[in-house]
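> What follows is a single structure, and I will ask about it in a moment.
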Amino acid sequence: MIQQRGSHKPKECQAEEDLFLNWQTFMIFAVLFSFTIVIFLGGEYSSESESFFKFIKAVDPQDKLKVRDQIASNSNPCLQRWKFLKCNSQASTILEIWLENLDLTGMLNSESLCKLPNLRVISLAKNRLRGTISNSILNCIKLDYWNLSSNLLNGRIPMALTRLQYLWRLDISNNNFTTNYSIPFYSVGFNQKSLHSRKLLKDRKILEVLELQESNNSGEGQTSHKVKWTKWIPWILGVVFLLVLIYFVGKRIAKIGTEKEILKPSLLQNDPSETPPPGNTSEELKQEEKKTQLVFFVEEHETFQLEELLKATADLRRESICSSLFKVSLKDNVQYVVKRLKKVKVSHKEFGETMRWIGNLKHPNILPLVGYASNHVEKLLIYKYQSSGSLLNLLEEHIQGEKDVPWRLRLSIAGGIAKGLDFIYQNFGDQESIPHGNLKLSNILLDENNSPLISEYGLSRFQDPEKGCILPSRGYTAPEKSLTEKGDVFSFGVILLELLTGKTVEKTEIDLPKWVKAIIREEWTGEVFDKGVAKSAKQWAFPVLNIALKCVSHYPEDRPTMSEVLEKIEEVIYAQEDHSVSSGSSESHDHEDCCPLHTIISETWDTPASNY
């Protein structure tokens, strides 16, 4: 069986790989967890320094404390030698703020004040501070001493004060709060249990005032409850986000595990749930299983044993309902691509005959079949791995500005694809040609010299039409949706348009023929061409555009054969090789400015321009 991690690897290497994967997973989770804390907690509760400076800026708008420079830089206030501030021994958090009798004339900002998580003491007595005590005081959970006496504060005294369990000293006298009581300096624990335990019952005037206000304004208590719940919203959101994160991370890990498990079962063992092809008796199936072996179409020194393939290191690259694709590394790090066809309804004999015919097709622009293996359950096709990727990769890198794709290379690739398709449709004795049926950029591979290699050829013979496996991707399919040479011509025409315009159909699903025809009807210049088609190359691009438009004609009978397409493309290639045009010559600009495109392109084929 093909395994993700081959059994031939030493246990030490296996352990190192598992440890590396586990460490990667841990690091990803740790980073995402930290990100969650920052977003949901740090976003709601800003840094302690920022909150402190917001509070100072509110109570001291005239900068009598001379801290404006530090406010601008948002530096750590605990590192400043301010007498009014006391921090812990590590200078990492604020514990006390003493701002008494400093003639401060700003506003009380209890919201910023209570974002100091470890604040225990705050004294603002004998100033001229204005404002109210808001319900955000609930967030001062560690506050035990608060002196607001002799200021200009007003409004109602919030019931939130009764819920601060550590607050035991409070002075809010000599302010303009809405009450009939004269409230002196006060020592009391608002927590009822604390009141009884400390026996501090001798003065309950503030508590009585607060209870009176609560009875007069029932909405006050409801607001405080809302504030209390609001405090937990970031934590709740954080937990929800973490649960979602854990779900998707777990799903991804499970997917990776599933991909590995896909490779573990033997690819060439009988599946009792499978229905054998018609006409195959049990005895015939047994004979087929005995004959299961690799059949090669390469030199003897390039062959290998079936056991080597089934135990090789492999990576799942792509999977669909019809097939799976693996990158396989054999001994000496030789790399192959293994295509596994699923539920192919064809006999062992018919499959072998077709594979032998395809394997014997030798052309520089068709990806050669290295070998195959089959039984009635699964079929394996083996190809050489192409490290240069596909034509889709090349154009995407060009679109992203990572790679230049000059006009000569595009024309060379177009010519190579045309040669390969023309070779497919030549007569080979009594054997009927097999249409490709799935031409698209990702199925055009590139070798080390950027020469195109048509892959996936011959698979249309075995795929189930009801599963939609044999038709090209959306955007490449001919209107008649048939497996014919004219259907492949249409798909090739779309590829030509992609090379000319720089637009990729496979990812965007754009109706490229429709877009190009609209440009031709409306524009008088070569706006249809991609920037990679230089001005000096446009005179060669116009006839190729005409070829592409003929290929994507709506009706099959209006399309040329592949032989005719190749002939026209080769005419352009030979003309470009034989005729060198300087960038400043008038000839290079004639087609660009003289007349509409539909007039120019009709010159390549002996057909009226009105057909376009």
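> Taking the condition of being over 17 Å from Phe423 (Cβ atoms) and touching a strand residue (DSSP E or B) at 6+ places or on another chain (Cβ under 6 Å), how many residues in the stretch 349-377 meet it?
Adding up the residues that qualify gives 6.
> On the given criteria, is Ser482 within 28 Å of the chain's Cα centre (by Cα), at pLDDT below 90 and among the hydroxyl-bearing types (Ser, Thr, Tyr)?
Criteria not met by Ser482.
> Let me ask another. Just checking, which of Lys507, Lys538 is more than 19 Å from Ala478 (Cβ to Cβ), among the basic types (Lys, Arg) and out of contact with any Gly (no Cβ under 9 Å at 6 or more places or on another chain)? Please lay out each step first, then the result.
Values: Lys538 fails: out of contact with any Gly (no Cβ under 9 Å at 6 or more places or on another chain).
The unique qualifying residue is Lys507.
> Would you point out the residue of the stretch 475-505, among those that are assigned to a helix (DSSP H, G or I) and of a type in the set (D, E, K, R), that is nearest to Gly526 (Cα to Cα)?
Glu498
> Residues in the stretch 520-537: is at least one surrounded by fewer than 22 Cβ atoms within 10 Å (Cβ to Cβ) and either closer than 25 Å to Ser563 by Cα or not assigned by TED's automatic domain parsing to the domain that holds Pro435 (or both)?
Yes, some residue in the stretch 520-537 is surrounded by fewer than 22 Cβ atoms within 10 Å (Cβ to Cβ) and either closer than 25 Å to Ser563 by Cα or not assigned by TED's automatic domain parsing to the domain that holds Pro435 (or both).
> Sticking with this one: Exactly one condition in (1) within 29 Å of Leu310 (Cβ to Cβ); (2) small (Gly, Ala, Ser); (3) in the same structural domain as Met562 (by TED's automatic domain parsing); (4) touching a strand residue (DSSP E or B) at 6+ places or on another chain (Cβ under 6 Å) is not met by Ser390; state its number.
Just one mismatch for Ser390, condition (3).
> Under the condition of being in contact with a helix residue (DSSP H, G or I) (Cβ under 7 Å, 6 or more places away or on another chain) and not in a helix (DSSP H, G or I), which residue from the stretch 419-434 is modelled with the lowest pLDDT?
My answer is Gln431.
> Kindly check whether there is at least one residue in the stretch 445-457 that is of a type in the set (D, E, K, R), under 19 Å from Thr561 (Cα atoms) and in contact (Cβ under 8 Å) with a residue 24 or more places away in the chain.
Applying the first criterion (of a type in the set (D, E, K, R)) to the stretch 445-457 yields 447-448, 456.
With under 19 Å from Thr561 (Cα atoms) added as a condition, the list becomes none.
The answer is no; no qualifying residue exists.
> Another question, if that's okay. Tally up the residues in the stretch 39-69 that are in contact with a Phe, Trp or Tyr (Cβ under 9 Å, 6 or more places away or on another chain) and either modelled with pLDDT of 75 or more or within 21 Å of Glu100 (Cβ to Cβ) (or both), please.
Qualifying residue count, the stretch 39-69: 3.
Residue by residue, here is whether (1) outside the structural domain of Lys57 (by TED's automatic domain parsing); (2) of a type outside the set (Val, Ile, Thr); (3) surrounded by 20 or more Cβ atoms within 10 Å (Cβ to Cβ) holds:
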residue: Leu108; (1), (2), (3): no, yes, yes
residue: Asn118; (1), (2), (3): no, yes, no
residue: Ile122; (1), (2), (3): no, no, yes
residue: Ser134; (1), (2), (3): no, yes, no
residue: Asn139; (1), (2), (3): no, yes, yes
residue: Leu143; (1), (2), (3): no, yes, yes
residue: Leu153; (1), (2), (3): no, yes, yes
residue: Arg163; (1), (2), (3): no, yes, no
residue: Tyr166; (1), (2), (3): no, yes, no
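> If you go through the stretch 498-508 one residue at a time, how many are farther than 15 Å from Ser442 by Cα and free of Cβ contacts under 8 Å to residues at least 60 places away in the same chain?
Residues flagged as farther than 15 Å from Ser442 by Cα and free of Cβ contacts under 8 Å to residues at least 60 places away in the same chain within the stretch 498-508 amount to 1.
> Residue pairs, Cβ under 6 Å, 6 or more apart or interchain, first in the stretch 161-172 and over 16 Å from Ser110 (Cα atoms) and at pLDDT below 85, second part of a loop (DSSP other than H, G, I, E, B) and of a type in the set (Gly, Ala, Ser). List them.
Pairs that qualify, where the first residue is over 16 Å from Ser110 (Cα atoms) and at pLDDT below 85 and the partner is part of a loop (DSSP other than H, G, I, E, B) and of a type in the set (Gly, Ala, Ser), are Trp168/Gly189.
> What number goes with the only condition from (1) modelled with pLDDT under 95; (2) in the same structural domain as Thr504 (by TED's automatic domain parsing) that Gly416 does not pass?
If we test Gly416 against (1) modelled with pLDDT under 95; (2) in the same structural domain as Thr504 (by TED's automatic domain parsing), just (1) comes out false.
> Which ones in the stretch 436-456 are closer than 23 Å to Glu509 by Cα and assigned to a loop (DSSP other than H, G, I, E, B)?
Result: His436, Gly437, Asn438, Leu439, Lys440, Ser455, Glu456.
> For the stretch 314-333, name all the residues that are of a type in the set (D, E, K, R) and under 21 Å from Gly458 (Cα atoms).
Arg317, Arg318, Glu319, Lys327, listed by residue number.
> Take the residues in the stretch 318-332 that are outside any loop (DSSP other than H, G, I, E, B) and at pLDDT 85 or above, then tell me which one is nearest to Glu378 (Cα to Cα).
Checked the stretch 318-332; the qualifying residue nearest to Glu378 (Cα to Cα) is Ser324.
> Go through (1) surrounded by 22 or more Cβ atoms within 10 Å (Cβ to Cβ); (2) assigned to a helix (DSSP H, G or I); (3) in contact with a helix residue (DSSP H, G or I) (Cβ under 6 Å, 6 or more places away or on another chain) one by one and return the number of the condition Leu395 breaks.
Result: Leu395 fails condition (3) only.
The values are calculated or read from the model by the stated rules, or taken from the named source; none is laboratory data. Keep in mind that what you see is a predicted model, and the values were worked out from it rather than measured. All Cβ positions, glycine included, derive from the backbone under ideal geometry; neighbour counts span all protein chains shown.
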